[in-house]
Amino acid sequence: MRIDPKAWAQRFTDFQVEAELLLAKTEECLTHLQLISNDKDAIDCILSTLLKLASKADALALVAVSSFALQVHSVLNHAHHHMPLHDEALAALKDCLTLIAWQLELIDRSTGQLFLDDSEQTELIEAFAFQVGHHPFQPPMSAKPFTLVGFPTVHA
């Protein structure tokens with residue numbers, strides 16, 4: 001399947017704008033959680049926003065971003081049903097959201113590649129899982145492995 005580089009670049013630009021808005025929304029909800037611990041609406045907001053972000057990233061084959069967003073979603077979804085989210089857990093969640101923002105900044109705009117290994121993702125998701133008593137963390141069965149994503153170049 002041939003991908004038009006200009007069309008992909010425009011879709012990626014649109015995605016980045018939307019992703020920034022989604023991450024800003026998660027930050028607002030996280031701030032709310034820091035003020036009112038375990039507010040169900042704030043948690044639901046973060047969960048739904050992470051799913052939207054993962055879906056949008058997956059549509060562009062940005063596997064690392066999509067996979068990590070789904071893993072954060074999985075841990076948070078499990079956590080809020082089993083225990084209160086204390087300050088350390090919220091700090092670990094914030095670290096995960098910060099990494100997603102960095103990933104979005106570091107994606108090569110022309111190739112779609114993210115030149116990062118998965119060690120920081122693994123470390124942060126394990127730290128978050130540990131803080132919420134969900135250890136050892138096992139990625140959900142539907143989670144995709146972390147990989148570098150590239151797009152074929154089209155030659156005229």
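Say we look at segment 58-73 and pick out the residues that are of a type in the set (A, V, I, L, M) and modelled with pLDDT of 95 or more; which of these is farthest from residue 108 (Cα to Cα)?
Checking each candidate, the answer is 72.
For segment 117-133, name all the residues that are crowded, with 21+ Cβ neighbours inside 10 Å, under 12 Å from residue 76 (Cα atoms) and not aromatic (Phe, Trp, Tyr).
Residues satisfying the conditions are 125, 129, 131, 132.
What helices (runs of 4 or more DSSP H) lie completely within segment 1-108 and have 3 or more residues being within 18 Å of residue 127 (Cβ to Cβ) and either out of contact with any Asp or Glu (no Cβ under 6 Å at 6 or more places or on another chain) or without any contact (Cβ under 8 Å) to a residue 12 or more places away in the chain (or both)?
Passing ranges, in order: 5-35, 63-82, 87-106.
Any idea which residue in segment 74-109 is surrounded by the most Cβ atoms within 10 Å (Cβ to Cβ), counting only those that are within 16 Å of the chain's Cα centre (by Cα) and charged (D, E, K, R)?
94
The values are calculated or read from the model by the stated rules, or taken from the named source; none is laboratory data. No experiment lies behind these values; they were computed from the predicted model shown. Every residue, glycine among them, receives a Cβ derived from its backbone with ideal geometry; neighbour counts consider all protein chains shown.
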